[in-house]
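Below is one structure, written out as structure tokens; comments come after it.
The values are calculated or read from the model by the stated rules, or taken from the named source; none is laboratory data. Nothing here was measured: the structure is a model prediction, and the numbers come from that model. Using ideal geometry, Cβ is built from the backbone for each residue, glycine included, and neighbour counts are taken over all protein chains shown. Keep in mind that these areas ignore ligands, DNA and RNA; they rest on the heavy atoms of the full protein, side chains included. Shrake-Rupley method; radii C 1.70, N 1.55, O 1.52, S 1.80 Å.
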Amino acid sequence: MSTPTTPPETSPARPPFSIADAQARVAAELDRIAPVVDPLAQRFADAGHTLALVGGPVRDALLGRPNADLDLTTSARPDEIERLVKGWADAVWDIGRDFGTIGCRKGDWTVEITTYRSESYDPSSRHPDVVFGDTLAGDLGRRDFTVNAMAIVLPGREFEDPYAGIVDLAHGVLRTPGRPEDSFSDDPLRMMRAARFAAQLGFDVAPEVVAAMTAMAERIDIISAERVRDELVKLVCAPHPRRGLTLLVQTGLAARVLPELPALALERDEHHRHKDVYEHTLTVLEQAIALESRLPDGGPDFVSRFAALMHDVGKPKTRRFLDDGTVTFHHHDVVGAKLTRKRMQALRFSNDQIDAVAKLVELHLRFHGYGSGQWTDSAVRRYVRDAGDQLERLHILTRADSTTRNARKAARLQRTYDDIEARIARLSEEEELAAIRPDLDGSQIMEVLGIGPGPRVGAAYRHLLDLRLDQGPMTEDAAREALLAWAAAHPD
Ligand code: ATP
Ligand code: MG
């Protein structure tokens, strides 16, 4: 058995894995889903077909991780699956039919049933050709990693694990069922998936798998941008993104799919005139993650995390060494926002996501432009207006962007930012008050009272404003009546 390769300092603490505990967890999970899947499995058995829980749900049940998906595999072909779920499911969909998948809903459960596959690939094509198979073992053999190649046949609960996935699960290792070179040649996206699962599960990637990823990194180029993007998003939103990103950079995959990231590592300044931008970036990402509880949904938040990852990508292009030995990165915010936009467009992100991330990258330095606490009201207002709906994420990014080891400097930056946030809160409260108007304007007052411009209009206006602040908004008719009552009580 080979030893894991990921450096120990990045290894997250994984709880110890005991087979007995894992078995108990799986039994509990199978009891939980039995009312849904056992009757279904009986239908398949009656028709002479095998039905088995497979992949993610088996892995996650063994790990005790919650997983809402019920992924099943079967000897039945898609038409037959469809026939067998009709009358059982509440709703059925077949958008995955060409890949062998029929989806359905039963109560609150989403169930996806896929015909056994034994793919044969054209190595130059972007998508695997789908060839249906006849055995569960064959289906498991074409899956990406041994920990994803375990199945439990239902309703009898026989555990099928031809590649000893449970051993790799216990050791926290990602390994391919066959030779990694063959697996990645069949579907290069699996290299991205290795990094994604490393980030999600906190697992190590077996050395021979890392070696194959390194040797074959450029093969990722044939994969569609959308599939690469989806794996990247899952990786970035995972509990241990540093782990996945480090692997992408070390294997050369990042140079193909997100070259701005390894470019930061190349920028290491051998004379230490500035900090290591790559390492700084990963720290900022982790600090941004720690601040996600500030967001309405509490995270994980892709936009905030990706902005942290991209915030300094403008630095390599803008670095200048001055004669006095100092270094500058003028306009790296603007340049970085442009590079971010281009990269996200290439990865087919939505315009909303691109705009949000690019805005954060562009604004990430703004806070530092105003010195300490000397912001004018108008500077605060402009900050809020320019951040728009990204203001909360900008707070997160700006705070996360402080990685100084100087505790006093860090505390000062934090205090200054606390001040800015307090100013923003106070000002926006005041501005809301200032935005409140009486229910009638000056010309309506003149019309109701039958008078021309003069101090009486101002007095009436102030009276209506008081009423508005005391009582909240009123209808125009009520405001007219209130105005007439005031005029009667205050003849001039
Ligand atoms: P999650 O849904 O939690 O992200 P998962 O393991 O279910 O994780 P999916 O992408 O939903 O991952 O894939 C379901 C299963 O299908 C995997 O567990 C794996 O067995 C198999 N699989 C998916 N994509 C591939 C692939 N490109 N190559 C080989 N097997 C794959
Ligand atoms: Mg899944």
Report summary line: Going through (1) modelled with pLDDT of 95 or more; (2) touching a helix residue (DSSP H, G or I) at 6+ places or on another chain (Cβ under 6 Å); (3) not charged (D, E, K, R) one by one, residue 171 fails only at (2)
Report task. With respect to residue 227, determine if the residue is open to solvent by 40 Å² or more (accessible area, probe 1.4 Å) and in contact (Cβ under 8 Å) with a residue 24 or more places away in the chain. Result -> yes
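I need a count of the residues in the range 162-190 that are in a helix (DSSP H, G or I), of a type in the set (A, V, I, L, M, F, W, C) and either open to solvent by less than 40 Å² (accessible area, probe 1.4 Å) or closer than 26 Å to residue 254 by Cβ (or both).
Matching residues across the range 162-190 total 5.
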Report summary line: Subset of the range 143-158, residues of a type in the set (D, E, K, R) and either buried (at least 24 other Cβ atoms within 10 Å of the Cβ) or part of a loop (DSSP other than H, G, I, E, B) (or both), comes to 143, 144, 157
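Quick grid of which residues meet (1) in the same structural domain as residue 277 (by TED's automatic domain parsing); (2) under 24 Å from the mean Cα position of the chain (by Cα); (3) surrounded by fewer than 21 Cβ atoms within 10 Å (Cβ to Cβ); (4) more than 30 Å from residue 429 (Cβ to Cβ):
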site	(1), (2), (3), (4)
331	yes, no, yes, yes
377	yes, no, yes, no
387	yes, yes, yes, no
394	yes, yes, no, no
400	yes, yes, no, no
Report summary line: For the range 199-216, the count of residues that are away from ligand 1 (no atom under 13 Å from the Cβ), open to solvent by less than 10 Å² (accessible area, probe 1.4 Å) and out of contact with any Phe, Trp or Tyr (no Cβ under 9 Å at 6 or more places or on another chain) equals 2
